[in-house]
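The values are calculated or read from the model by the stated rules, or taken from the named source; none is laboratory data. Just so we're clear, the structure is a prediction, and the values are computed from it rather than from any experiment. For neighbour counting, all protein chains shown are included, and Cβ atoms are generated from backbone atoms with ideal geometry for every residue, glycine included.
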Amino acid sequence: MMPLVSIIIPAYNQAQYVAQTVDSALAQTYPNVEVIVVNDGSTDDTAAILAGYRGRIKCISQANRGLAGARNAGFSVARGEYLLFLDSDDIIPPTKIARHLEWFDQQPDVGVVYSGWQYIDSNGNPLPGETRLRQEGQMLSRLLLSKFYCIPGAAVIKRQILEQAGLFDESLRAEEDTDLWIRAAQAGCKFGYIDELLLHYRLHPASLSAQADHQVKHAFARLDKFFTNDSLTSEIKQLKSQAYSAAHFVAAGRYYRVGNIESGCSHLSQALAIYQPLATDKNKLMQKISSMVLSTKHNDPLAVLDILFSTPDLPPAIKSVQPEASTLVYLVLAADHYFAGQAEQALNLLQRAPLRTAPTTVDWLLDWIASTALTAPAESGCQFIDWISDSLPVDLPTFKGRAYGRYHVASVFLAHQNQQPREMRRHILPAVWGHPAIIKNRGFISVVLRSLFS
């Protein structure tokens, strides 16, 4: 018999959207699914809407306990071997569960399988910028350093992982999902990835994620709880300052997004003070700042960028990376519009990028193009390299060939990470041809030799 999958939907005052969410859960092509909706103290018409599904779903009504409490309540009655925690304003396509179960069959040692997702607005219209993380394996350090985040609705998790790592922490009224992923990873859970957009994640003014103070408070509570654990290995303990620094960058982004410039600037200063090596590493700092601004990408990131660099008390180290960070923000937004099929908007953003032609700028630009092409939708990565190389607002001789070289180098390392030696071999010669200096890289030579003899 096919294993049972439980889809658990916590609902609090989402009468406008909950029917769409429940309908998408009931429309799964996978034949063995139970849908559980937890009405978490709603005061709108949520209960009346759910009553229309009587006999097709399990419905629990309770006083408000927050997302963590509602998810745990759903788990308490769930019978599934696998579970999906789906927010009550999001939508999954009909093949979601089937695709995840196929992946679990292929990789039985994996405890969580997540997919890419598409942001949508309050009316269900797609927003520019797909999320395809393409990260797999052991994720603990990346979770701690805010380099990986998985929306719960994108993931299906094995019951045994929840029983081993524990349920959602109800003392956290935000960040409870990241806290769970960290505990799962700490318990040895491996993450798998499906490169398909199997979740439509809704952004709208009523989203719980819009509450900056609330989110920031619980983000640091989550870290405090984790790093007071005496059983942590020395390797993980050494990440503490970087983890708190990364959390301050995320907090700064949240505050700039809602126009709280003073708090945003304060968190940037704390991020640099806690992890001082970052202030002298311009490349990493530039990436941190641009990522922080882009975390507001559906709240006018270009306005946030202007506000950020006009802040009087901005730390000097951050001011020093303004040209590079600003360029990267424009490039990422241009790429989002390009992949959304909005060529005119993409070209406009690209032409406005304050791009410099210094060797250091060109170097990180090549790496960014390679990584973006690597995470692009299927078959469009090479088209993207062609488009951006031909459209850049500065003349860079031999740039396209070098960009392809970096792309193939990145493909070699990704294939190695994913244990795909045949895929690695396909990229080795183009990598060396386009980026000859890579043959001096010991790591590259090491993975190439392993692929040849595997």
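Give segment 16-49 a look and list any residue that's of a type in the set (A, V, I, L, M, F, W, C) and within 24 Å of A154 (Cβ to Cβ), or say none.
Those that are of a type in the set (A, V, I, L, M, F, W, C) and within 24 Å of A154 (Cβ to Cβ): V18, A19, V22, A25, L26, A27, V33, V35, I36, V37, V38.
Would you call A271 touching a residue at least 12 places away in the same chain (Cβ under 8 Å), of a type in the set (G, A, S) and surrounded by fewer than 21 Cβ atoms within 10 Å (Cβ to Cβ)? If you could, list the steps in order and put the result at the bottom.
On the way: touching a residue at least 12 places away in the same chain (Cβ under 8 Å): yes; of a type in the set (G, A, S): yes; surrounded by fewer than 21 Cβ atoms within 10 Å (Cβ to Cβ): no.
When the stated conditions are applied, A271 does not pass them.
Quick test of your reading of the structure: I36 fulfils all but one of (1) farther than 17 Å from R71 by Cα; (2) in contact with a strand residue (DSSP E or B) (Cβ under 6 Å, 6 or more places away or on another chain). Name the failing condition by number.
Of everything listed in (1) farther than 17 Å from R71 by Cα; (2) in contact with a strand residue (DSSP E or B) (Cβ under 6 Å, 6 or more places away or on another chain), I36 misses just condition (1).
For segment 119-145: of the residues being in a loop (DSSP other than H, G, I, E, B), touching a Leu at 6+ places or on another chain (Cβ under 9 Å) and on the phi < 0 side of the Ramachandran plot, which is surrounded by the most Cβ atoms within 10 Å (Cβ to Cβ)? Break it down stepwise before answering.
The first filter runs over segment 119-145 and keeps only residues in a loop (DSSP other than H, G, I, E, B), leaving 121-125, 132-136, 138-139, 145.
Still in the list and also touching a Leu at 6+ places or on another chain (Cβ under 9 Å): 121-122, 132, 134, 145.
From what is left, the residues that are on the phi < 0 side of the Ramachandran plot are 121-122, 132, 145.
Numbers: D121: 12, S122: 14, R132: 20, L145: 14.
Across segment 119-145, the extreme among qualifying residues is R132.
In segment 297-312, what residues are outside any helix (DSSP H, G or I) and buried (at least 19 other Cβ atoms within 10 Å of the Cβ)?
Start the filter on segment 297-312 by keeping residues that are outside any helix (DSSP H, G or I), which leaves 297-300, 310-312.
Matches in segment 297-312: K297 only.
Which of the residues that make up segment 313-359 are crowded, with 20+ Cβ neighbours inside 10 Å and under 23 Å from T280 (Cβ atoms)?
Passing the criteria: I318, V321, E324, A325, S326, T327, L328, V329.
Quick check on my filter: what residues within segment 40-85 are of a type outside the set (A, V, I, L, M), closer than 27 Å to V110 by Cβ and crowded, with 17+ Cβ neighbours inside 10 Å?
At the first step, the residues of segment 40-85 found to be of a type outside the set (A, V, I, L, M) are 40-46, 52-56, 58-59, 61-62, 64-66, 69, 71-72, 74-76, 79-82, 85.
With the extra rule that they be closer than 27 Å to V110 by Cβ, the set shrinks to 71-72, 74-76, 79-82, 85.
Result: R71, N72, G74, F75, G80, Y82, F85.
Starting from residues that are out of contact with any Ser or Thr (no Cβ under 6 Å at 6 or more places or on another chain) and surrounded by fewer than 20 Cβ atoms within 10 Å (Cβ to Cβ), keep the ones in segment 25-39 and report whichever is nearest to S171 (Cα to Cα).
Applying the filter and picking the extreme gives L26.
With the requirement that a residue be farther than 14 Å from H248 by Cα and either of a type in the set (S, T, Y) or touching a Lys or Arg at 6+ places or on another chain (Cβ under 7 Å) (or both), what does segment 271-289 give you?
T280 - this is the single residue of segment 271-289 that is farther than 14 Å from H248 by Cα and either of a type in the set (S, T, Y) or touching a Lys or Arg at 6+ places or on another chain (Cβ under 7 Å) (or both).
Residue-wise test of (1) surrounded by 22 or more Cβ atoms within 10 Å (Cβ to Cβ); (2) over 25 Å from K240 (Cα atoms); (3) in contact (Cβ under 8 Å) with a residue 40 or more places away in the chain; (4) touching an Asp or Glu at 6+ places or on another chain (Cβ under 7 Å).
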site	(1), (2), (3), (4)
A154	yes, yes, yes, no
R159	no, yes, yes, yes
L167	no, no, yes, no
S171	no, no, yes, no
Y193	yes, yes, yes, yes
A212	no, no, yes, no
A221	no, no, yes, no
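Across segment 393-412, what is the total count of residues that are buried (at least 19 other Cβ atoms within 10 Å of the Cβ) and either acidic (D, E) or over 25 Å from V447 (Cα atoms) (or both)? First the steps, then the outcome.
First pass over segment 393-412, keeping only residues buried (at least 19 other Cβ atoms within 10 Å of the Cβ): 399, 402-412.
Of the ones still in play, those that are also either acidic (D, E) or over 25 Å from V447 (Cα atoms) (or both) are 399.
So the count comes out to 1.
From E163, E175, E235, E262, which residue is of a type outside the set (F, W, Y) and at positive phi? Step through it out loud before you land on a result.
On the way: E163 fails: at positive phi; E235 fails: at positive phi; E262 fails: at positive phi.
On inspection, the qualifying residue turns out to be E175.
Here is a list: S241, S141. Which entry is assigned by TED's automatic domain parsing to the domain that holds Q14 and over 19 Å from L67 (Cα atoms)? So that I can check it myself, show each step before the final result.
Values: S241 fails: assigned by TED's automatic domain parsing to the domain that holds Q14.
S141 is the lone residue from the list that is assigned by TED's automatic domain parsing to the domain that holds Q14 and over 19 Å from L67 (Cα atoms).
Take the residues in segment 246-263 that are in a helix (DSSP H, G or I) and of a type in the set (V, I, T), then tell me which one is nearest to L278 (Cα to Cα).
Of all residues in segment 246-263, those in a helix (DSSP H, G or I) come to 246-257, 261-263.
Of the ones still in play, those that are also of a type in the set (V, I, T) are 250, 261.
Numbers: V250: 15, I261: 22 Å.
Among residues in segment 246-263 that are in a helix (DSSP H, G or I) and of a type in the set (V, I, T), the one nearest to L278 (Cα to Cα) is V250.
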